[in-house]
1. Say R0 is 25 Å: what FRET efficiency, to the nearest 0.05, do ASP27 and LEU161 get from their beta-carbon distance?
2. Give me the dipole magnitude in Debye, nearest 20, for the chain about the Cα centre, with unit charges on the beta carbon: positive for Lys and Arg, negative for Asp and Glu.
3. Can you count the Lys pairs in the chain whose Cα atoms are under 23 Å apart, with each pair 8 or more apart or on different chains?
4. For PHE185, which sequence-distant residues (separation of 5 or more, or a different chain) have an amide H within less than 5 Å of its own amide H, given hydrogens modelled in the peptide plane?
5. Taking amide hydrogens as modeled 1.01 Å from N in the peptide plane, which residues meet the under 5 Å criterion relative to VAL29, leaving out close sequence neighbours?
6. By how many nm would the segment from ALA292 to LYS198 lengthen if fully extended, with 0.36 nm per residue of separation less the alpha-carbon distance?
7. For the chain, take the longest principal axis of its alpha carbons; what is the angle in degrees between that and the long axis of helix 2-15, to the nearest 10 within 0 to 90?
8. Under 8 Å for C-alpha pairs, at least 6 residues apart: give me the relative contact order for the chain, rounded to a whole percent.
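Each value in this text was obtained by applying a stated rule to the coordinates, not by laboratory testing. Worth saying up front: this structure is predicted, and the values here are computed from it rather than measured. Cβ: placed from backbone, ideal geometry, glycine included. Neighbour counts: every protein chain shown.
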Amino acid sequence: MRTRYIALCFVFLSGSGADLFCQTEADSVMVSQIVFVGNERTREEIMLREMELVPGQLYDRERAEKDRLHIYNLGLFYRVEIEPVVTEDGVVLLVYVAERLYLFPYPIIFSNERDWKKLSYGAGLIVQNVSGRNIDLAGSFWRGYNPGADLYYLNPWIGGLKHLSVQLRAYSSSIRSRVLELPRFYQRHRGLVFSLGKRWGHSTHLTLQSSLGRIKVPESHRSVTLSNSGTDDFFSLGLGFRYDTRDLYEYPMSGWRVELSVQRTFPDYHRLGVDLRRYIPLFAGTSVALRAALDWLGGRVPAYRRLYLGYSERIRGHFNSRDDEPYDGRLEGERRAVGNVEFRVPILKRRYLHLDSALGAYGENLPFGLSGALFCDTGAVWSGRRYPRPGTWLSGFGFGLHLHVPYIDLIRLEYAFDERGRGESLLDFMVWF
């Protein structure tokens, strides 16, 4: 307890502007000890396995910053700081964390297909960081547009040094069809999903996923299913690879994210996916974000599995439907390509507020900040082996303000233009890519 009290004093001094006289002196000095402060629930081993700096190694500021981001990207904390303190025995690393609220019932209200006219509402219960081991349990139900229910379990670390993860999900929902040539109707989706993952280091992940489910449509629309009964039972196997070196998951400014996936759904079709993202730091804290993605369906593809632009995946500038465009600006097919560029500018650096409330420590260290962005999006959807013609691409560009807030992470207020210069205002959440 005394060690933690002393460590907390050091962290307080560093936050007050004192440099602890050791940022320079600590370089090339052996790390002797790591002390964690603020983790009332989270076990130290959860944070230690994210760190490259361990006792017996030489202290390095760049590696310490990477370790800080690795711990922050666990999603368990609002704030993570690492300070080196030089002692006679070497460098003591003080790791200060401010934990998030982990157990809470919450109301549900969200938009479907990124359209605020299609709202769902309900309630859920989430238990994050079960036993302090970063395990998630969640259950929820919702009504309104596309009503449904969901149960979820995630353990990101099993098997000790084997670095395995496991995920289970059960779902049941009624989803309105997206088939453009037919009036919208409800499809009943039910299923189970099991995923087993393997992690190498901090950046490389491989996931094997299997799912079992049923999709049922009204008898009047059974032509969209593979079977003649209007009910398709399916089993699928998928393999996914991810290489992820992003600095900050909730708003990346540097690093890579590379995703490759292949999925086979028995008995009739398959899907391939590639998603490449690069974040390049420029000057004065600015960054340019780049994305190129391609999805490819093959085999006998049922109508309800087609790919789309204009629903969850959209082009800013064609975000909202327009009556003078075919299918209100929506496109469907068995091939989809998307490209994005975004220039991100910090306006107000992240600051931490302390609120006096019944939440106690969970009302402290709440992050707030503001960023600006210039962006350009383009995309196309097509079928068959022919590539899309130049005139079939949808494109848009614009600007926006991005508000960094607690619990939601990001609120985006943007204004976009299409190829003809027609504008639209956008309200959305989470980082675009």
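1. Computed FRET efficiency for ASP27 and LEU161 comes out at 0.25.
2. My answer is approximately 1700 debye.
3. Lysine pairs meeting the criterion: 5.
4. SER177
5. TYR59
6. 31.3 nm
7. Taking the Cα atoms of the chain, the angle to 2-15 is about 70 degrees.
8. Values: 1046 pairs, mean separation 35.3, N = 433.
Here the relative contact order equals 8 percent.
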